[in-house]
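Quick note: the coordinates plus some simple rules give every number you see, no bench work behind them. In this text, all values refer to a predicted model and were calculated from it rather than measured experimentally. Here the Cβ is made from the backbone with ideal geometry for all residues, glycine too, and neighbour counts use every protein chain on show.
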Amino acid sequence: MEPQTFKALLLAVAQTVIAHADELTALDQAIGDGDHGLNMKRGFEHVAELADGISQQPLPQALTEIGKTLVMTVGGASGPLYGTFFMTLGKELPVAPTLIDIRNAFNAAVSAVERRGKSSAGQKTLLDVLVPVQKELAAGTGGLLDRVKSRAASAADATIPMLAVRGRASFLGERSIGHMDPGARSSALVISALCDFLGD
Ligand code: ADP
Ligand code: MG
């Protein structure tokens, strides 16, 4: 991908997250401490500011820098997890990845988040979007972007009836049921913005 295109992709993803900050805040007010919108906005504002420099670098280094930026600026529980995800992609992906490389790197990044969060799918976290998307990536190439995008959205919706067993929302016990997980929603937003850009 040309640096200019890559920069536009980074800005599109960042703008999507920033535009949904209030929604993420409201979700985190319902079952957390209400900071997820600001955390994600702050992190992706930094990514947007650095987009020029990041987009000039080869893909692995660019992803590593995105991950480090998110670790340093998002904060909360989600910052280290998003950071781990992108830094692992940076470590695993070659400069010009094939779909097989992307699947393998995505699998490694999901495993790294699971280790870091001591968590797994089914616990009402961002993994409840990442793991279904991982499965969709593995399910062939036809209509891949559309499938990934709609799977991410339905997976975020599917966290509504879940009981939180990890993160702040778990302190609420049964009262965590009936609300979408903020991190699942933000993950779906990032994935959806990425699919929209790549589809155009
Ligand atoms: P904090 O919970 O510290 O306020 P944020 O509000 O930014 O941090 O992020 C909350 C989100 O982080 C949750 O909605 C959930 O998706 C994710 N999360 C929290 N803890 C974990 C964990 N142990 N494993 C996976 N995801 C987690
Ligand atoms: Mg929070």
- Task: Report yes if some residue within the range 42-49 is within 16 Å of ligand 2 (Cβ to nearest atom) and touching a residue at least 60 places away in the same chain (Cβ under 8 Å); otherwise report no.
- Result: no
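Counting only residues that are of a type in the set (S, T, N, Q) and within 16 Å of ligand 2 (Cβ to nearest atom), which one in the range 13-35 is surrounded by the most Cβ atoms within 10 Å (Cβ to Cβ)?
Just the residues of the range 13-35 that are of a type in the set (S, T, N, Q), to begin with: 15-16, 25, 29.
From the residues that got through so far, the ones that are within 16 Å of ligand 2 (Cβ to nearest atom) too are 25, 29.
Numbers: Thr25: 20, Gln29: 15.
Top of the filtered list is Thr25.
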From the option list Thr69, Thr16, single residue qualifying as away from ligand 1 (no atom under 16 Å from the Cβ), among the hydroxyl-bearing types (Ser, Thr, Tyr), under 17 Å from the mean Cα position of the chain (by Cα) and closer than 20 Å to Phe197 by Cβ is Thr16
Restricted to the range 36-81 and to residues being touching a helix residue (DSSP H, G or I) at 6+ places or on another chain (Cβ under 6 Å) and outside any helix (DSSP H, G or I), the residue surrounded by the most Cβ atoms within 10 Å (Cβ to Cβ) is Val74
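For every residue, the table says whether it meets (1) more than 16 Å from ligand 2 (Cβ to nearest atom); (2) over 20 Å from Ala21 (Cα atoms); (3) exposed (fewer than 15 other Cβ atoms within 10 Å of the Cβ).
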| position | (1), (2), (3) |
| --- | --- |
| Thr141 | yes, yes, yes |
| Arg147 | yes, yes, no |
| Ala153 | yes, no, no |
| Asp157 | yes, no, yes |
| Met162 | yes, yes, no |
| Arg168 | no, no, no |
| Gly178 | yes, yes, yes |
| Ser187 | no, no, no |
The number of residues in the range 1-35 that are more than 28 Å from Thr98 (Cα to Cα), in contact (Cβ under 8 Å) with a residue 12 or more places away in the chain, in contact with a helix residue (DSSP H, G or I) (Cβ under 7 Å, 6 or more places away or on another chain) and not charged (D, E, K, R) is 8
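Suppose the filter is touching a helix residue (DSSP H, G or I) at 6+ places or on another chain (Cβ under 6 Å), of a type outside the set (Lys, Arg) and surrounded by fewer than 21 Cβ atoms within 10 Å (Cβ to Cβ); does Ala112 pass it? First the steps, then the outcome.
Details: touching a helix residue (DSSP H, G or I) at 6+ places or on another chain (Cβ under 6 Å): yes; of a type outside the set (Lys, Arg): yes; surrounded by fewer than 21 Cβ atoms within 10 Å (Cβ to Cβ): yes.
For Ala112, the condition - touching a helix residue (DSSP H, G or I) at 6+ places or on another chain (Cβ under 6 Å), of a type outside the set (Lys, Arg) and surrounded by fewer than 21 Cβ atoms within 10 Å (Cβ to Cβ) - is met.
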